[in-house]
Amino acid sequence: MRVRKFGTLLATSVAAALATLTLSTAPLSAQEAVIKGKVTTETGEPLGGANIVVANTNLGAITAANGTYTLTIGANAARGQQVVLTARYIGHKPVTRTVTLSSGEQEQNFQLAEDPLRLDEVVVTGVAEPTDRRMLPMTVTSVNADQL
């Protein structure tokens, strides 16, 4: 008995077409969530180097010099889950916002107010753990925003 090559070729083509259709529609149903935005001062000046962090995760982003950021969250987490975003910058009050994740892009802009009491938040001591400035046994030098 002879096996027709046409039948094998047709079956292979149909299987390949079905596999292509299945794989090409998978990304449409499960897209990642992309949060984009800008971090500025109350006067509208961009804050380059600000931190945007998703609470209780290791996800975060740092703003570019123009204050913009992009944060990508995997498709498995982008199913209507609510997350808490926090924007921080030295010398400014942090802003926290709850966001509901959805597939595709969404925009979240932050305006941070200045807080001169937060200028001593960073102390570089050269040890493994942070130390409160008042607890240091030695004299330290401070760098303020004007000196930067």
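The values are calculated or read from the model by the stated rules, or taken from the named source; none is laboratory data. These numbers come from a predicted model, not from an experiment. Ideal geometry is used to build each Cβ from the backbone, glycine not excepted, and the neighbour counts take in all protein chains shown. Heavy atoms of the whole protein, side chains included, go into the accessibility calculation; ligands, DNA and RNA do not. Shrake-Rupley method; radii C 1.70, N 1.55, O 1.52, S 1.80 Å.
Brief remarks follow.
- Per-residue SASA entry for ILE62, accessible area with 1.4 Å probe, Å² rounded to 10: 120 Å²
- For ARG133, ARG79, the ranking by accessible surface with the largest value first comes to ARG79, ARG133, using a 1.4 Å probe.
- In this structure, ALA145 and GLU105 have a Cβ-Cβ separation that, at R0 = 35 Å, corresponds to a calculated FRET efficiency of about 0.55.
- Globularity index of region 37-79 is 1.30 (Cα radius of gyration / 2.2 N^0.38 Å, N = number of residues).
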